[in-house]
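Reading through the structure tokens given below for one structure.
The values are calculated or read from the model by the stated rules, or taken from the named source; none is laboratory data. Being a predicted model, the structure only gives us computed values, none of them experimental. Cβ placement follows ideal geometry from the backbone for every residue including glycine, while neighbour counts extend to all protein chains displayed.
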Amino acid sequence: MKKAGYTLIEVKATDYTLEEVRAAGYVEGLEAAGYTVKEVRAAGYSGREIKVAGYTPKDIKAAGDVTGLKAAGYTVGEAKAAGLSCSEAKAAGYRPRECRQAGYAFQEIRNAGFKPPWPSTATGSEALDREDLDWENGINWGILICSLVACYCFLYHVCFVDRPSL
């Protein structure tokens, strides 16, 4: 069908099933032809194919299943703009750091069910320190604690170690 030059709209008008449309190699224009995300998924199209077909994260969210959104190539920013909650972003495959970079608040990330150690986006196996994620009040607890320990050591040394004997 496709090789013969028929458009997707012409093929749809002849009552071919969506599975037959997929087998013929049609991807682009599925949305324009009037197919829904649910129909396209049921026919076996992959997430990437759904993206190429022109569907947005908002369309996918409306279909009720956001799993695989990240694997399909959508950014977490696109997902957030489409109205996905942080919990839905997690279900879609996004990591805590990506959610934070998209503008989700620390509490939203925590409420989404992410638990320390926070996996990194680099390899998926590294752990982010908790202080790297304390965005709500901007305090880097690691630096603060190290600074306090350094001050204590300095004062101890000055007051007790280097103190001239009287």
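I need the full set of residues from segment 22-40 which are over 27 Å from the mean Cα position of the chain (by Cα) and either of a type in the set (D, E, K, R) or under 19 Å from GLY5 (Cα atoms) (or both), in order please. Explain how you work it out, then say what you get.
Start the filter on segment 22-40 by keeping residues that are over 27 Å from the mean Cα position of the chain (by Cα), which leaves 22-26, 33-34.
ARG22, ALA23, ALA24, GLY25, TYR26, ALA33 - these are the residues of segment 22-40 that are over 27 Å from the mean Cα position of the chain (by Cα) and either of a type in the set (D, E, K, R) or under 19 Å from GLY5 (Cα atoms) (or both).
Is it the case that some residue within segment 39-47 is closer than 29 Å to LYS115 by Cα and touching a residue at least 24 places away in the same chain (Cβ under 8 Å)?
Pass one, segment 39-47, residues closer than 29 Å to LYS115 by Cα: 47.
If we keep only those that are touching a residue at least 24 places away in the same chain (Cβ under 8 Å) too, we end up with 47.
The answer is yes, given that some residue of segment 39-47 is closer than 29 Å to LYS115 by Cα and touching a residue at least 24 places away in the same chain (Cβ under 8 Å).
For segment 5-20, filtered to residues that are of a type outside the set (A, V, I, L, M) and surrounded by 15 or more Cβ atoms within 10 Å (Cβ to Cβ), the residue that is nearest to the chain's Cα centre (by Cα) is LYS12. Is it the case that some residue within segment 112-124 is within 21 Å of GLU39 (Cβ to Cβ) and either assigned to a helix (DSSP H, G or I) or at pLDDT 90 or above (or both)? Scanning segment 112-124, I find no residue that is within 21 Å of GLU39 (Cβ to Cβ) and either assigned to a helix (DSSP H, G or I) or at pLDDT 90 or above (or both), so the answer is no.
Scan segment 139-158 and report the pairs whose first residue is loosely packed, with under 11 Cβ neighbours inside 10 Å and modelled with pLDDT under 70 and whose second residue is acidic (Asp, Glu) and in a helix (DSSP H, G or I), with Cβ atoms within less than 8 Å and a gap of 6+ or a chain change. Sorted first by the residue in segment 139-158, then by its partner, the pairs are ILE143/GLU131. Considering only residues of segment 1-20 that are among the small types (Gly, Ala, Ser) and either touching a residue at least 60 places away in the same chain (Cβ under 8 Å) or assigned to a loop (DSSP other than H, G, I, E, B) (or both), which is nearest to ASP59 (Cα to Cα)? Among those that are among the small types (Gly, Ala, Ser) and either touching a residue at least 60 places away in the same chain (Cβ under 8 Å) or assigned to a loop (DSSP other than H, G, I, E, B) (or both), it is GLY5.
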